[in-house]
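The values are calculated or read from the model by the stated rules, or taken from the named source; none is laboratory data. Quick caveat: nothing in here was measured; it's all calculated off a predicted structure. Using ideal geometry, Cβ is built from the backbone for each residue, glycine included, and neighbour counts are taken over all protein chains shown. For the accessible areas, the whole protein counts, side chains as well, though only heavy atoms, and no ligand, DNA or RNA atoms are used. Shrake-Rupley method; radii C 1.70, N 1.55, O 1.52, S 1.80 Å.
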Amino acid sequence: MVVEPSAAVFNDMMTKVNTLGSYTGGDQGFLNSYYSDFPNAHVFEPNLPLEVVNTRPVPNMERLSTLYNADVGLYMLANKWMVDESELHVIHYTLGPLKPWDWWTSWLLKPVDVWQDIRVKLEESLPGTAGGTNPKDEFAVKVLFLLPLCALLFCCYHSFLQTRDHFGSFCRTSLGDHIRHLYFKVRSVGSVAYTGVSSSSTINSNHQFSNSAQLKVPAYLGGSSIVVCFMVALVAFGISFSIVPRQAMPWTGLLLVYEWTFTMFFLLFGGFLHLIYKWGKATAFQAGSFSSDVESSDYDSGKGHQRQASACDFVTWYYGMGMALLAVIAPSLPAMFGVTALFLRLGLMVAGGIVLAAFMTYASEHLAIRSYLRGLEDRDTTTRLRSACFLC
């Protein structure tokens, strides 16, 4: 921009500032009204030969072409530039919440890639500013990266301390069970039939127990677990999004948001499921409605040991990993399909979010009911093996 200060022009503007209209209510509308013939002004042509420039009269006003003011908003509408992209000199990022220095903008607007490519090539003007970085943001990124890992390690260590006293006896008992099972399988001729009957009886007893326990599940447990699940997810995402520095690199910001969201979600919702488990255990203890026959059959068939061994069962891992996988896939759909248009990108993300919400609805209800039933089943088990999985 070349500016030639003029006291005469300024004084003239001040005399008209209260009489000329402003369609924006501010300085931009006033300037457009003051220079009313600007839309019809001659377009500046920087590549004209010097002979042509010297032979034509000097215009009173010239305006820059789109090459010097390529509006990102116009790119959004057509998903392309109206001019040759290789000839662009200035890109104008006009969209308020989608500025190029915000890390999330790179995942929505393709023209931001140009800005990021230039940013990483910037030389150091102050200590720690090479590549467009900020020393304070770099320190914050390191702290934010380590805190969730420390929290997970602490939970695993706490779980290890609780299970250390029972681990030796549990391993010895499980090893003895496997040895006896192999012994009878080799020596007994009718081992196949015995195993089949044993499995069938165990399944039937489990089925009877499940049916009797299912009648005791509160009707509002499923709905309340769904509400809690979505509230926890929104809180975890909101906190994660707010604490990550806005000017972090795109990949850094995305990974930090995922790390914090997953950690807080599994800790909070896992704590909720543990309360549901305690609730079911307390309910069964107060009611005392289960017969000792079911308990003895459980222990005779080795179910107590199996329950400890499978404290973090396949179904729980399935739901937990399923939610995490869908949460990663939903925002990645535009990149997978090579979509660059903003509105189509948002549409694909919304579609992926709907699938994620449907899976979370089913998973949260099922996990809460499973936790409650497991509490009913383990009412007299005081040495249940604790697991490092927060959803178990």
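Observations
- Rounded FRET efficiency, nearest 0.05, which uses the C-beta distance separating LEU146 from TYR220 and R0 of 51 Å: 0.80
- Applying 1/(1 + (r/R0)^6) with r as the Cβ-Cβ distance of LEU346 and TYR258 and R0 = 22 angstrom yields a FRET efficiency of 0.70.
- The calculated FRET efficiency for the pair PHE139 and LEU48, based on their C-beta separation and a Förster distance of 51 Å, comes to about 0.50.
- Probe 1.4 Å, all protein chains present, accessible-area order of LEU98, LEU50, largest first: LEU50, LEU98
- Label separation (PHE230 vs ALA8): 6.7 nm, computed from points 7 Å beyond Cα along the C-beta direction.
- Relative contact order of the stretch 1-64, defined on C-alpha pairs under 8 angstrom at six or more residues apart (%): 23 percent
- Our estimate of slack between PHE337 and ILE354, defined as 0.36 nm per intervening residue step minus the Cα-Cα distance, is 4.3 nm.
- With all protein chains kept in place, the per residue accessible area of the stretch 1-64 amounts to 86 square angstrom at a probe of 1.4 angstrom.
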